[in-house]
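Let me begin by presenting the structure, written as structure tokens, before commenting on it.
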Amino acid sequence: MSKYIPNTDEQKREMLSEIGAAGIDDLFCDISGKIRLKSPLNLPKPLSDIELSKHMQTLSDKNADTDHYTCFLGAGAYDHYIPSIIDLLISRQEFYTAYTPYQPEISQGTLQAIFEYQSMICLLTGMDVSNASLYDGASAVAEAVLLACRATGRTRVLAAKTLHPESREVLRTYTKFSGITVDEYGFLDGAADLSDLESRLNPDTAAVVVQNPNFFGIIEDLKEISELAHKNKSLLIVSCDPISLALLKPPGELGADIVVGEGQSLGNPLSFGGPYLGFFAATKQLMRRIPGRIAGETVDLSGRRGFVLTLQTREQHIRREKATSNICTNHALNALAATIYLTAMGKNGLREVAELCAQKAHYAYSRLIETGKFSPVFTSPFFKEFAVKYRGDVRKLASRLLEQKILAGYIMENDYPEMDNVLLVAVTEKRAKHEIDTLVERAVCA
Amino acid sequence: MNEFEIKKYSTEHEWVGVDGNKAYIGISEFAANSLGEIVYVELPELGSELNVGDVLGVVESVKAASDVYSPISGKVVEINEELTDNPEIINEDPENSWIAVLEISDPAQLDELMDEKEYEEYCAEEE
Amino acid sequence: MKNETLTIFEKSRPGRKAYSLPECDVPKKPLSELIPEHLLRDAPPGLPEVSEVDAVRHFTELSKRNYGVDSGFYPLGSCTMKYNPKINEEIARMKGFTQIHPYEPEESVQGCLEVLYKTGEMLAEITGMEKFSFQPAAGAHGELCGLMIMKAWHESRNDTARKKIIVPDSAHGTNPASAAVAGFDVVEVKSDENGWIDLKSLRETMTEEVAGLMLTNPNTLGLFDGNILEIADIVHEKGGLLYYDGANMNAIMGITRPGDMGFDIVHLNLHKTFSTPHGGGGPGSGPVGVVKNLVPFLPKPVVEYSGKSYYLDYNRPLSIGRVKSFYGNFTVVLKAYAYMLSMGPEGLRRASETAVLNANYILKKLKDDYLLPYDRACMHEVVFSALKQKEYGVSALDIAKRLLDFGYHPPTVYFPLIVKEALMIEPTETESKETLDRFISAMKQIAKEAETNAEYLKSAPHSTVVSRLDEARAARNPILNEMSRSKD
């Protein structure tokens, strides 16, 4: 008897007799004997709570967590400070056990939180309209491209080679099946190669996709990219790190048509890659083409302010095969965490976080270069992450540092074969000076 | 507003009001009622060439979206911009709230459509 | 005004803060030395400024304006709103799971990889599939991924003429939408008088231009399609594949398996059948499983076991590629794993049996009060129609809104589309007979009220923090954020 199934055997008998069935099997009469399982599923015997906790603790102990390891790994997922209030608040059952807010009268909490989230994303990105979030940054890039192709009636896109490799992979998968061709443009000193971009633009180019800061941590000059894209009547899609937006010019001001990004940095733990959230914002012109849920403000019968899901005719439950996307819901709880994070950090806190990241990353960069064991790869400006070339075998370095409980960084050769022995190092506000100094010392000794 | 020389209806519930070589196109009262409160109308592009059955626009209520198909062929010479800000006028007066005006390219196509009486019977069957 | 909650922006006061950050402990440089001035924004984004207690009270206040499974009965059909076990939440918050970077070397994430591998094995056993991928983040995402696999498989055999997908008229809206994103044209197949797929119509539709059929079984009417073996034969004979939408898997765990019914590709909704919470709309998890000959097409990487350790296999030339970054919604998968371990094989079967029993009990008790369009034993959910009440001018929506006054989350309404005024009730196994009886009596009272006091139903709900909201106004003049309101 499971503690999650309250009906007693006696109640089940009563219910069966009420239904007029001789036994449970009668209810399954439409399932032919040919496909009925003859024996129980071959699964482990049930565990009690105590056994389950112990088992899971044993498994979790096999992983190297960022409380016990100093994390300089980034490459799209970052070890930022998470205020304690976030987990406590998103753990309120009214938030986490609820479904999508289909009944607005009893979902005002979720709906207002989405409205506040949308407001915050618009403030960060400088865009007019945000949706309620998508699955993650990579699928948000793919959805942005699908939108751009529909809006322009064109079938090619130009993506930067400095776009996150996994975003490019997801983009390739999505487009492969919808008749869209993805070309890539190169980089120069780590930033978008504008002449390469310009030479690849053609009348079929629906959009130019750029990441800022890009995968190498480098800050792009969006203004010039935007001018090139718009001269060709292509849309500009920018994928960005939301923390950087506390410091950097909002892409909306620089001409972006769609701004997306990975929202994990906003109060969501690393969680071995998910669940995170993809944010998605666009100009007003594209409002009715945006994928996913959107909350809007209205009034009730007595004139009280309230919130509802709106512009729903874009969505699959109404448009079916003509919908703007097949996405059904959002990552509401992750978006709620992001909303609480942005509330807790506020106007000044987010800027402080971003400045601390920039200061510490630049300190780490100078220290590593000073050792003589690392050399610069690019000279373009960066934000919280940078590439350096190790004089030696970077894989060996990384595994020696792992033994010393340091997650050294991302090995670039995995995705850029020409970048042998290049390490991508991320430094967030959580890294204390002594941790950076330790990294430098150990890297030299290694 | 308009007293059209000829008014015809399509099986997809569009009406065509003929004025010289121009055809005003809208959705019927039956269609407007079944959609409910209309909140948005997507208009065609001025100058675009439409064939019979091409999507001329989209009429949306809160919980439904309905493509408006062009009942005849022709070039879009006028669009009703008022619908952008006040889509609800379709609910208020569907039989006069036109969405677009086409320059009729083949008047014979009008013969394929239903007149008012035929359309009434058609709607009665649909219900 | 009473019951109106200020937004966090309206509560903001310059100078307040809810964060605590360390001083900069590295030698500080002027910002413009680090980042060129012209790339910097002029002023910080206008986020709210509140104290910690303001923030906590604000979101606590918002939570009180919500309704969750822990608040009460949530019979939202097709969504399987079962109870979310608390120990799973505790496990998903273990630091050895939450504080793990996805790019750590395999040797330092053996626990995470083991969870993914073992969960995949268990789901394969439950569904009769060979192997699962956890990349899809939700059901719709799983559908898209599964259809891509279908397309890739046909293409790998140089069978490129298959541009169509058959979807029943009773299907969930994501089915045709996903098929369209995967580059297929959608063909609808009708349901027969039993609510099953019309075999004649299927035979006519299933040609060599069709890549496959998407099916939910039990279907969205809550009925198990007893012709499933014939259906599978018809599709396979013409070279198509069968896709199983696992939305309704909660009816059949341990009783029958999609693999045994003839399905080739399956997606599951861990946030339905496997008890992970819905989070107000997500995150969910929509793993995709396939039969043996389709395994090479799964998204990459997949988790493999060498006999000594777990590893990520990227070397998969036939793979459709990635559909999401990293390895999926890991901590959601973790909760499903914990759920299966605590239920065991017997427990899972009991869950399905009880879910079906509960739905049939509601069917029996309410069939005299509400029209039952398909009058036969249902599976885990039952679909009524409010057409009887419509005679008094009361719609399914009015009934749903009136249920709010009784403290219940309403059933799914107006779905499936083939039932007019549909009321789709899915009680799940985690509800007791007492709860069902109370709900049944509320539904009976509402049916009476429809006859005697229709106006009261049409203005329901009467007891919620807001009454019915003007959705037309929201869609006509969209106010989608704080800034667009202040402009008005």
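The values are calculated or read from the model by the stated rules, or taken from the named source; none is laboratory data. Bear in mind the structure is a predicted one, so any value in this text is a computation, not a measurement. Positions of Cβ are backbone-derived with ideal geometry, glycine not excepted, and every protein chain shown enters the neighbour counts. Ligands, DNA and RNA are stripped out before the accessible areas are found, and what is left, the full protein with its side chains, is counted by its heavy atoms. Shrake-Rupley method; radii C 1.70, N 1.55, O 1.52, S 1.80 Å.
If you check A:E297 against the conditions, is it assigned by TED's automatic domain parsing to the domain that holds A:V209, of a type in the set (D, E, K, R) and part of a strand (DSSP E or B)? Lay out the reasoning, then the answer.
On the way: assigned by TED's automatic domain parsing to the domain that holds A:V209: yes; of a type in the set (D, E, K, R): yes; part of a strand (DSSP E or B): yes.
So A:E297 passes the test.
Considering region A:77-177, the qualifying helices (runs of 4 or more DSSP H), each wholly inside and each with 1 or more residues that are assigned by TED's automatic domain parsing to the domain that holds A:L254, polar (S, T, N, Q) and within 18 Å of A:V259 (Cβ to Cβ), run over A:108-125, A:137-152, A:165-176.
Only one of the listed residues (B:V52, B:V101, B:V62, B:V77) is open to solvent by less than 10 Å² (accessible area, probe 1.4 Å) and either away from chain C (no Cβ under 14 Å) or of a type outside the set (S, T, N, Q) (or both). That residue is B:V101. Restricting attention to region C:425-438, does a residue exist that is within 28 Å of C:G173 (Cα to Cα), within 14 Å of chain B (Cβ to nearest Cβ) and not charged (D, E, K, R)? Among the residues of region C:425-438, not one is within 28 Å of C:G173 (Cα to Cα), within 14 Å of chain B (Cβ to nearest Cβ) and not charged (D, E, K, R), which makes the answer no. Being without any contact (Cβ under 8 Å) to a residue 60 or more places away in the chain and assigned by TED's automatic domain parsing to the domain that holds A:A132 is a description that does not apply to A:H331. When C:A180 is tested against (1) in contact with a strand residue (DSSP E or B) (Cβ under 9 Å, 6 or more places away or on another chain); (2) open to solvent by 10 Å² or more (accessible area, probe 1.4 Å); (3) farther than 23 Å from C:G321 by Cβ; (4) modelled with pLDDT under 95, just one condition goes unmet, and that condition is (3). Tallying residues that are touching a helix residue (DSSP H, G or I) at 6+ places or on another chain (Cβ under 6 Å), surrounded by fewer than 23 Cβ atoms within 10 Å (Cβ to Cβ) and facing another protein chain (nearest Cβ under 8 Å) within region C:68-84 yields 1. When restricted to residues that are farther than 21 Å from C:A152 by Cβ and either open to solvent by 10 Å² or more (accessible area, probe 1.4 Å) or without any contact (Cβ under 8 Å) to a residue 40 or more places away in the chain (or both), region A:155-164 contains 3.
Among the residues making up region C:148-168, those that are touching a strand residue (DSSP E or B) at 6+ places or on another chain (Cβ under 7 Å), open to solvent by less than 20 Å² (accessible area, probe 1.4 Å) and under 22 Å from C:N217 (Cα atoms) are C:I149, C:M150, C:I165, C:I166, C:V167, C:P168. Among the numbered conditions (1) more than 7 Å from every other protein chain (Cβ to nearest Cβ); (2) out of contact with any strand residue (DSSP E or B) (no Cβ under 8 Å at 6 or more places or on another chain); (3) among the polar types (S, T, N, Q), the only one that A:S32 does not meet is (1). Applying the criterion of at least 1 residues that are out of contact with any Cys (no Cβ under 8 Å at 6 or more places or on another chain), away from chain A (no Cβ under 11 Å) and among the β-branched types (V, I, T) to the strands (runs of 3 or more DSSP E) found wholly in region C:130-238 leaves C:164-168, C:185-189, C:210-215. For region A:314-369, which positions are among the polar types (S, T, N, Q), outside any loop (DSSP other than H, G, I, E, B) and surrounded by 24 or more Cβ atoms within 10 Å (Cβ to Cβ)? Within region A:314-369, A:Q316, A:N334, A:T339, A:T343 meet the criteria. The condition (being more than 30 Å from C:F73 (Cβ to Cβ), within 24 Å of the chain's Cα centre (by Cα), facing chain C (nearest Cβ under 7 Å) and open to solvent by less than 20 Å² (accessible area, probe 1.4 Å)) is satisfied by just one residue among A:A77, A:A98: A:A77. Restricting attention to region A:288-321, the residues that are more than 7 Å from every other protein chain (Cβ to nearest Cβ) and of a type in the set (A, V, I, L, M) add up to 3.
Each residue in region C:30-50 was checked for being at the interface with another protein chain (Cβ under 7 Å from one of its Cβ atoms) and either open to solvent by 40 Å² or more (accessible area, probe 1.4 Å) or within 24 Å of A:E253 (Cβ to Cβ) (or both), and 13 of them qualify. Go through the residues of region A:385-407 one by one and say whether even a single one is polar (S, T, N, Q) and either touching a helix residue (DSSP H, G or I) at 6+ places or on another chain (Cβ under 6 Å) or free of Cβ contacts under 8 Å to residues at least 24 places away in the same chain (or both). Within region A:385-407, one or more residues are polar (S, T, N, Q) and either touching a helix residue (DSSP H, G or I) at 6+ places or on another chain (Cβ under 6 Å) or free of Cβ contacts under 8 Å to residues at least 24 places away in the same chain (or both). When A:Q57 is tested against the conditions (1) in contact with an Asp or Glu (Cβ under 8 Å, 6 or more places away or on another chain); (2) open to solvent by 60 Å² or more (accessible area, probe 1.4 Å), the lone failure is (1). For A:D420, are the conditions met, namely being modelled with pLDDT of 95 or more, in contact with an Asp or Glu (Cβ under 7 Å, 6 or more places away or on another chain) and surrounded by fewer than 18 Cβ atoms within 10 Å (Cβ to Cβ)? Against the criterion (modelled with pLDDT of 95 or more, in contact with an Asp or Glu (Cβ under 7 Å, 6 or more places away or on another chain) and surrounded by fewer than 18 Cβ atoms within 10 Å (Cβ to Cβ)), A:D420 qualifies.
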